[in-house]
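Just below is one structure, and these are the notes that go with it.
What follows draws every value from the coordinates through simple rules; no lab data is involved. All of these numbers come straight from a predicted model, not from anything done at the bench. Glycine also receives a Cβ, built like all others from the backbone with ideal geometry; neighbour counts cover every protein chain displayed.
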Amino acid sequence: MLDLSKPETTDFVQAIFDEFTPWFRGPYVHFGADEYEKEHAELYLRFFNEISSHLQALGKKPMAWGSLTAMSSGADAAGRSGYNCDVVICSWNNDWYGPQAATADGHRIINTNDELLYIVPFADYYHGTHLDGRALFDGWEPHVFADNQSLDPQHPQLLGAASAVWNDMVLRDYDEQLIHELVEPTFGLLAQKMWSGAPAGLSYEAFMLRIAALTQWPGRSYLQP
């Protein structure tokens, strides 16, 4: 972890963003800030605010992974009031910072719920091969989170949703072709759900047949080495 007790640590991170923020053409820059040691909550709070304010000074909207419930030892919204609420939160885990807590604190959020939307190649947790397409088709929308943490549809603070692939198993041998094979089965399905919801009157099987027809084009396949 970064040693946040040293001011030069924050200076160093700010210098990195000074160099690379101009590379980002979009309005948002994600600064991470997740899974820090909970006994250093005060240092974390200062870092979170200083980096997010620095990005704002650089003309960007800051975004971070949700950790604020865990970092405030489960305190209610008043206990988290010191955090910069202009930061968009990727709500990835309900214990670290669930969607209901984040929106109650005033944050705008993105649904990146780990239980439903994470792929970790070869892992025996989350999804080691691909997401559960049928479950996503039948019961998921961007406002749906695991463990009864769902928000109201079209919640004004919910910006959307995103799936994620994490390379936890760094010693395993895999490449971009394998990652494509893990992501591809539910890519079109997630796009449909994130843009306009489930198509009315269409079964999962019929929808996937349409997706398969749309995703075939000359040159689509990777050349094998």
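Here are some notes:
- Taking N as its residue count, the alpha carbon Rg of the chain over 2.2 N^0.38 Å: 1.12
- Relative to the longest principal axis of the Cα atoms of the chain, the long axis of helix 176-195 lies at roughly 90 degrees.
- Think of each Lys and Arg Cβ as +1 and each Asp and Glu Cβ as -1; about the Cα centre, that makes the dipole of the chain roughly 840 debye.
- Proxy reagent accessibility, fewest Cβ within 10 Å first, across L171, L158: L171, L158
- Note on S81 and A191: the extension gain reaches 36.1 nm, defined as 0.36 nm multiplied by sequence separation minus the Cα-Cα distance.
- Ascending count of other beta-carbon atoms within 10 Å, so fewest first, for S67, S91, S163: S163, S67, S91
- Each residue in V13, V183 was given a count of other beta-carbon atoms within 10 angstrom of its own, and listing them fewest first yields V183, V13.
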